[in-house]
Structures are given as structure tokens and as C-alpha cells.
Amino acid sequence: MSEPVPKPVRIGLLGRGNVGGAFAELLAERAAAVEAATGRRPEISGVLTREEGDFGEILERSDLIVELMGGIDPARDFVLDAMRAGRPVVTANKQLLAQHGDELFGVAREAGVQLRFEAAVAAVIPIVRTIQESFGVTEISKVFGIVNGTTNFILSEMAASGAGYGDVLAQAQALGYAESDPSDDVSGADAAAKMAILARLAFHTPVNLAEVSYEGIEAIQPDDLAYAKDLGLSLKLLGVAERREAGISVRVFPCFLYAGHPLAPIEGAFNAVMVEASAINEVTMSGPGAGGLQTASAVLGDVVSILAGDAPVHETRAELPIVADVPSSFYLHLEVADRPGVLARIATVLGDHEVSVKSVVQRGLNEDARLVMVVHECLESRFAAALEALRGLDDLRSPPRSIHVIEEQPA
């Protein structure tokens, strides 16, 4: 007797935009390869968009749900209903996970189904699977990196061309690297959602998007990048999640890196993530951080993982407090009056707040005089107090500008 032909795996697709359309095409193209790897051939049994489809009907005739709608509503209800109905779910919805992770993971565990979300963090880079499975019992001390391809492209182009932020943003939009409304990307909100997810996985603790502090790249000036070259620095928008004393710190901020740092060479619309732990020293992964096909590839990888067998559903092991005030080095840009004693008065203010200077560059004369310096690591609150005091000096022609600097090399 011949072997019975396995029934196909019916996939309900919620959303058919850029990523959803790319996923549908990729699934059809790679269906035979998926069958060879898992013994089950996937097929799309229904598609839900604004114009077509009924969720209830799609759920009824699906074995697995892929959610690529984005946003919170109605995606949250659809994902919860699917899992409660016993359907595993694959999603690329970073905001949904960052804001409602506790609820989603709890329902997945109760229903005994898988919830996969590799594409929600770093597109094609398998950082979620690596942290959750390969390093599942490793005590990770730090996860950090470039997790937004749009901002990395903008900063790379500003540094290379000397063009202003607005011009390069328009170029990124023309090339498809930035949305028509780029607010989530350039403000740091997109990266903050991704870091909330990574922190939750790395430290096995609840982390909500509201607990992640973030700042974006809108205020970056071309001369900041030009002066940074003189100091051997390159600028990235970094997400950092790390253990601090009895708690954790989760932040997103523009940051200068010295040339020897592994993340310094990452240019264009690429992402890179580093994981540090005493047992592994450090691991770095990089790859394309934007694009419908790349994200669809990560989604398909999650589908294959579900068909291949069970994988752990994230579970909280401890509740760690968020540490808000942490040490950092800083780049400081001051437009000053060209008069005797200016540098001494600035040094006095910094010294009064226990902020020490590592390096300083002076540029221009008269009305174009500028001081650009890098200060040694100090508590952020202490540096903020020093900035406030500097604003009170008559020697400054405009408010001081500052950007974080990672001073040390990785472990």
C-alpha cells in the first residue's frame, strides 16, 4: 500500500500589504521546500484585508494564522481569538508584542499553542530564535545593536555626503527605506518596541513599551557628524538592554562609536545585534533591516519552525525593576563666544558636576567659534545637571548639544 498523502497545512493570512504580499509569493515559491523539510505542504486558505475576507471564516478553515496587518486593533483580538481556538500564530507585529506581550504569551501557554515573532525585531536576522532557544538558559548580561534600518541608512548617508537630515530622509523615502510617515522610525519608537521584546526574552522579565526610554535622530546636525570624524567616531541609533545592579535598563538613543567597535562598520539599511554573557563572551549578527521580502523570509522561517515541532513559549521568570539613571559617556557641542577664559569657565562648570573631559577639538574663530568634546563616563543625571548649568553661561551663543558615546570596547 502507498503511504497516505499528508493533508496540506492551511494558512490564514491576515494582511496583504508589502510584507503580506511578499509572504504569499514566497510561500507559493518555497512550498515544495517546506514540504521536504517538514513533511507538510503549506497553502494559503484565506486572506483578510480591508476589502476582502471574514476573520471567522478564515479561522475556521485554517490550521495556522499569520498576522501581518500591523497596529493594535483589530490585530490583538484576532491573534488572541486564533490562539484560544487552538491555532498557532506567526506575527511580525512589534507594537502588539511590546504593548501586550504578557497577555499574548499567557494565552499562548494556556491554549498550548506556539506564538512566533522572529520578523518583529530584526527582519531576516534570527535574533529571537537565538535568544529564546540557543541561549535559553544562558544568563545574558546585555543585548544591544542597530535595530532600525531606516535610521541607519539616514545617518550613514548624512555622514558620507554631508547633507542635512531633511534631504536624506527624502532620499530614503524615494528609495523605499522610509515610510511616507517616518515618525515611528526617526523618533526611536520603532526601535524601542523591538528592544522591549528583546529585553523581555533576554532577561525573562515583563518589559512594556512604556518602560523603554527613547530619543530619535531628528535633531542630528551635519556638523555633529563632521566633527565626530575628527574624534574618530561614527553615529548610530542604538537600542540597549542591559542588567544594572538588581534591575535592568532598556533605552534607545543616538550614540557615537569609536572605529574599533563591531557595530561601527554597519552602514546603510542594515541591522546588527550583539548579545553578551559570561558564558559566550559576545555574539554579533547582522543583515538587512528593511524590505518586504526579507521580513517575509523571517515569517516563513517561523512557519517552518511551527511545522517542524514544538518550541518554547516565552515565560516570565522574574520581575526586575527598570533602572533609569545609568552611566554614559557623551559628545558635547558648544557654540561659544571667542573670548579669553571661555574654555576655563566651561571646564569649571563640568568639574563642579564631576564631569571630566576626555578629548576636545576647537573649530572656527569669532562668531563661528565652537568647542567639541567627549566626556568620560558619568551618570546621565549628573551630565544633565552640567548641561543645565552650561546653559546659564553668557559665553554660549546657543544651547549645548549632546549625544551619547560608547567609550569602551565590547567584552
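Of the residues screened, ASN93 is one that is within 21 Å of VAL304 (Cα to Cα), among the polar types (S, T, N, Q) and either touching a Lys or Arg at 6+ places or on another chain (Cβ under 8 Å) or surrounded by 21 or more Cβ atoms within 10 Å (Cβ to Cβ) (or both).
Which of the following residues is small (Gly, Ala, Ser), assigned by TED's automatic domain parsing to the domain that holds LEU231, over 30 Å from ASP102 (Cα atoms) and modelled with pLDDT under 95: ALA337, ALA259, ALA279? When all the criteria are applied, what remains is ALA259. Residue pairs whose Cβ atoms lie under 6 Å apart, separated by 6 or more positions or on different chains, with the first residue in the range 197-216 and in contact (Cβ under 8 Å) with a residue 12 or more places away in the chain and the second charged (D, E, K, R) and assigned to a loop (DSSP other than H, G, I, E, B), are HIS204/ARG317; THR205/GLU319. For the range 137-164, the tally of residues that are touching a strand residue (DSSP E or B) at 6+ places or on another chain (Cβ under 8 Å) and hydroxyl-bearing (Ser, Thr, Tyr) stands at 3.
Given the options MET83, MET69, name the one that is among the aliphatic types (A, V, I, L, M), over 20 Å from VAL19 (Cβ atoms) and touching a strand residue (DSSP E or B) at 6+ places or on another chain (Cβ under 7 Å). Break it down into steps so the answer makes sense when it comes.
Working: MET69 fails: over 20 Å from VAL19 (Cβ atoms).
So the residue among MET83, MET69 that is among the aliphatic types (A, V, I, L, M), over 20 Å from VAL19 (Cβ atoms) and touching a strand residue (DSSP E or B) at 6+ places or on another chain (Cβ under 7 Å) is MET83.
Taken as a whole, the structure places GLN95 among residues that are out of contact with any Ser or Thr (no Cβ under 6 Å at 6 or more places or on another chain) and closer than 21 Å to VAL252 by Cβ.
Of these, GLY56, GLY17, GLY12, GLY21, which one is among the small types (Gly, Ala, Ser) and free of Cβ contacts under 8 Å to residues at least 40 places away in the same chain? Spell out how you get there, then give the answer.
Working: GLY17 fails: free of Cβ contacts under 8 Å to residues at least 40 places away in the same chain; GLY12 fails: free of Cβ contacts under 8 Å to residues at least 40 places away in the same chain; GLY21 fails: free of Cβ contacts under 8 Å to residues at least 40 places away in the same chain.
On inspection, the qualifying residue turns out to be GLY56.
Condition check: surrounded by fewer than 18 Cβ atoms within 10 Å (Cβ to Cβ) and at pLDDT 95 or above. Does GLY56 satisfy that? Considered against the rule, which asks whether it is surrounded by fewer than 18 Cβ atoms within 10 Å (Cβ to Cβ) and at pLDDT 95 or above, GLY56 comes out as yes.
Checked across the range 216-228, the condition of being within 16 Å of the chain's Cα centre (by Cα) and of a type in the set (Asp, Glu) holds for no residue.
Taken together, the residues in the range 284-319 that are surrounded by 16 or more Cβ atoms within 10 Å (Cβ to Cβ) and under 16 Å from PHE144 (Cβ atoms) amount to 3. Of all residues in the range 340-353, none satisfies being in contact with a Pro (Cβ under 6 Å, 6 or more places away or on another chain), not small (Gly, Ala, Ser) and not assigned by TED's automatic domain parsing to the domain that holds LEU233.
Residue under question is ILE44, and the condition is that it be over 25 Å from the mean Cα position of the chain (by Cα) and closer than 18 Å to GLY20 by Cβ; does it hold? Before the answer, list the steps.
Working: over 25 Å from the mean Cα position of the chain (by Cα): yes; closer than 18 Å to GLY20 by Cβ: yes.
For ILE44, the condition - over 25 Å from the mean Cα position of the chain (by Cα) and closer than 18 Å to GLY20 by Cβ - is met.
Tallying residues that are of a type in the set (A, V, I, L, M) and surrounded by fewer than 16 Cβ atoms within 10 Å (Cβ to Cβ) within the range 207-236 yields 3. Of the residues in the range 92-112, at least one is without any contact (Cβ under 8 Å) to a residue 60 or more places away in the chain, of a type in the set (Val, Ile, Thr) and not assigned by TED's automatic domain parsing to the domain that holds ALA196. Looking only at residues in the range 284-321 that are among the polar types (S, T, N, Q) and either assigned by TED's automatic domain parsing to the domain that holds GLY21 or under 19 Å from the mean Cα position of the chain (by Cα) (or both), the one that is nearest to THR91 (Cα to Cα) is THR295. Might you check whether a residue that is surrounded by fewer than 15 Cβ atoms within 10 Å (Cβ to Cβ), of a type in the set (A, V, I, L, M) and under 22 Å from the mean Cα position of the chain (by Cα) occurs anywhere in the range 322-339? Within the range 322-339 (the criterion being surrounded by fewer than 15 Cβ atoms within 10 Å (Cβ to Cβ), of a type in the set (A, V, I, L, M) and under 22 Å from the mean Cα position of the chain (by Cα)), the answer is yes, since at least one residue qualifies.
The values are calculated or read from the model by the stated rules, or taken from the named source; none is laboratory data. Here the structure is a predicted model, which is why all the values come from computation and not from measurement. Cβ coordinates were reconstructed from backbone atoms using ideal geometry, including for glycine residues, and neighbour counts include every protein chain displayed.
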